[in-house]
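Step one of this worksheet: look at the structure below.
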Amino acid sequence: MAFSIVILIFSSVLLLGFSLRSRYGLPLFLMTAGIATASVAVLFQVYSTTMYSLPLIYPFRSLEISLFRFIGANRVSVEHVQLMRNLGSLLYLGGICLLTLLVIRNLKRAEMRRIWTIVICIIFSLFGIVYLLYYSPVCAFRMYIRCHSLARDARDAFSGRMIFLDRIFRLLTLFVIVLPLILLLTEYAKHQLTYFADTAVLLASMVAVYDALFYALFFTGPFAQRMTTVIRTGFWYFSDTVRIPAWIPWFHPLFSLVLLFFIVLNSKRIFSGELVLLSRKRALRKSIEDLNRNLKDVLHSEKNLMFSILILANDAKAAYGTTEGLKKLERLSEIAENRMENITASLNRIRELHLNAQPVDMCALVDEAIAGLTIPDRICCMTHYCSYPARCMVDEYHTRSALKNIFSNSFEALQLSPDEPKRIDVTVDASQEWVSISVRDNGPGIAKGDIRRVVLPFVSTKSKSNNWGIGLSYVFRIVNAQLGQMRITSSDNPAGHFTQVDILLPRERK
């Protein structure tokens, strides 16, 4: 047990460092620190009241015994040990409450966010107060006095009611600590959370591991505080046994190591920088500058091509004699001039760009991207917007270009499909944390083996004659450079083929 407490303390320090980069670090730090604090309280009780022996084959046996003696040698009163255990439980409840509020921030509907925030704050505040009162040394002493002041029959009836109440309270504790897991799974199943599937599964797994460790250690098994002990002694003790079961020395470190494994394994995913560090800013700026250099080369080549076309068109216009031909050449000249102006503006914009994210209304930006494209005949493009402003922090120029690439891909895919009707659905929604953009078409779909490859440069599932496979790669880099997330789901099953691109971009920070 002492060795596992060291692991928990190390995990707490690790999470405290992550809390500087991510909002999820603080609640998980509180939860880990709560388990560690309550474990130290249990260790004090074990040292003073119970036999604790380790198997001979136990790894780090000498280290465990030395740590156990070092921690337990400090004399602490029963009352202070109980207060320490209550403090650990309150830290855990505070962490689970903060984690629940973070999940609520990702709800799409504002009214549900307000309702759930009020409900969660009330539940955890009331339960925390009741928990402190119920497991206080004063409450235990009063229940002991009350029980032993009654006659024998009344005492047995009172003891039965108190034991039943204790079981109910432990079940209530279980419900409170799994509440964020229930909220996360139910709201995600209703598609009301701005989480991708892997993020939701990861969060659910971490909460489940934490809850299993906390509840298994302190509310079931030999370390659970029993009402029978209160009635017998007047104190909250965890057990009437005189020897800790042999499986406990294996169980506690195993769960602590699993906890540490989850933290380290998912440090780059769940603790990605919401508050971007300086080094991360530099990395993002370098990424966007590399992207800009590539785009500048491509656009500069196109500018030279358009300049040649313009010269040829002017020469042909001067030499050609028919009225119809003259109109066509004048139109060609006009297109070339407009294209040159647009490319020049793009080159100037790229030269001045330094990852300067600004608050942008995503619904308006999607409208601009669609208006800037020519929608082929027989393709129906439907937009579905949330009823409130979906403003997020992005670079307007590059984000609009990325959206155009997605829409163009959908148009091209639909033209390859013989099915009717041809339809694109564009959905913009938002939570307090993210703006969600979803583009779904009923085109031929992408083969399962190609879904992961389509975001790589120069990979295309369409005809190779006029497609270079850089559109989705560009989109993917733009989304990542702006601290967003992108997922592509598709099916080429003839019974239900589709392709859907989902993007999450960070909300405007007030």
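Each reported figure results from applying straightforward, stated rules to the coordinates on display, with no laboratory input. These numbers come from a predicted model, not from an experiment. Neighbour counts run over all protein chains shown; Cβ positions are idealised from the backbone, glycine included.
What's the ranking of 372-381, 87-96, 170-179 by average number of surrounding C-beta atoms within 10 Å, highest first? Intermediate results must be reported in sequence, preceding the final value.
Details: 372-381: 12.1, 87-96: 21.5, 170-179: 16.9.
The most tightly packed comes first, giving 87-96, 170-179, 372-381.
So who's got an amide H within less than 5 Å of the one on E433, skipping anything under 5 residues away but keeping other chains? H placed 1.01 Å off N, in plane.
Residues meeting the amide H criterion: none.
Give the long-range amide H neighbours of G443: residues separated by 5 or more places, or on another chain, with amide H under 5 Å away, using H modelled in the peptide plane at 1.01 Å from N.
For G443, whose amide H was placed from the backbone, the distant partners under 5 Å are T499.
Once each part is reduced to its C-alpha centroid, what is the distance from the stretch 172-219 to the stretch 399-446 in angstrom?
The stretch 172-219 and the stretch 399-446 have Cα centres spaced 32 Å from each other.
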